[in-house]
Amino acid sequence: MGNSLSVGLSSADVRAVHPTSRRQWTRNTRLKTSFQEKQPFNVQAFLDSAGAARKFVEYGSNVALFIQGDPSTSVLYILKGDVKLSVVNEVGKEAIVAILGPGDFLGEECLEEHPQRTRAAVTIAPSTILVIEKLEMVQLLHTEPDLSDRFIKYLLSRNIRVEGDLIDQLLNSSEKRLARALLLLAHYGEQGPPQKRLSNISQEMLAEMIGTTRPRVNSFMNKFRKLGFIEYHGNLRDLQINKSLLSIAL
């Protein structure tokens, strides 16, 4: 009376099964299901995947992701490529405020209830962008601490960078500002090896970044090249940044 009966699907044999076996199987299944449900949130897997409220978009060079004044409805994450952020004043003068690359966020002003984009974002190289709708980003920041930590660290590093840019603009010469801009573009001082070769950078762009004229940038670049701090051919084609340029920036 204490045994239950079980019939296999592939056999007519009848086997005696201990009454606790079924309960043990059910308990193990529940533990396994619970473990699977509590797997840690993988930030990179999320950023590398598309979903209902996020999508990948491929862009060529010199394509606007958004322009100043566009509706601010999403956060963007750069998977591949480079993006120029700029602002334009009421008389049409443009200033480049940042060059962003893989691993960077942009468009985060939408989380501060800004109805419009405060800057323009234009690709300077073929780029792959993950677009995350505002509501999903807000929900994830509240429910996923790993993503929230990564996003906050990024914003803090961006804030430190902006403060450094302001100090550089106020206190340093245009020659030193150019050296710093080139080193930042090459990711010197960041985690991982620097990107010694730069592409899609023009003297006009560098002039806008440091607040000077193209002829002055050309003069400084020729000086840096003669001193062996940088190497390039033609109009900054395959620009190589050497570590010795730190002697100017520091």
The stretch 157-250 - charge dipole about Cα centre, Lys and Arg +1 at Cβ, Asp and Glu -1, debye rounded to 20:
260
Principal axes first, then extents: for the Cα atoms of the stretch 43-144, list largest minus smallest coordinate on each axis, whole Å, largest first.
43, 29, 18
What is the gain in length, in nm to one decimal, between Ile67 and Ala52 on full extension, counting 0.36 nm per residue of separation less the C-alpha to C-alpha distance?
2.9 nm
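Beyond a 27 Å Cα-Cα separation, which of these cross-linked pairs lie in this structure: Lys80/Lys153; Lys80/Lys243; Lys55/Lys84; Lys93/Lys226; Lys55/Lys153; Lys153/Lys226? The partial results should precede the final answer.
On the way: Lys80/Lys153 20 Å; Lys80/Lys243 25 Å; Lys55/Lys84 21 Å; Lys93/Lys226 33 Å; Lys55/Lys153 24 Å; Lys153/Lys226 39 Å.
Long pairs (Cα-Cα over 27 Å): Lys93/Lys226; Lys153/Lys226.
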Put one equal scatterer on each alpha carbon of the stretch 172-249, apply the Debye formula with no solvent term, and list log10 I(q)/I(0) at q = 0.12, 0.13, 0.17 1/Å to two decimals.
-0.28, -0.33, -0.57
Can you order the peptides 170-180, 54-64, 119-129 by their average number of other Cβ atoms within 10 Å per residue, highest first?
119-129, 170-180, 54-64
Measure of compaction for the stretch 82-189 (Cα Rg per 2.2 N^0.38 Å)
1.19
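Read the figures in this text as sums done on the coordinates, not as results from a lab. All of these numbers come straight from a predicted model, not from anything done at the bench. For neighbour counting, all protein chains shown are included, and Cβ atoms are generated from backbone atoms with ideal geometry for every residue, glycine included.
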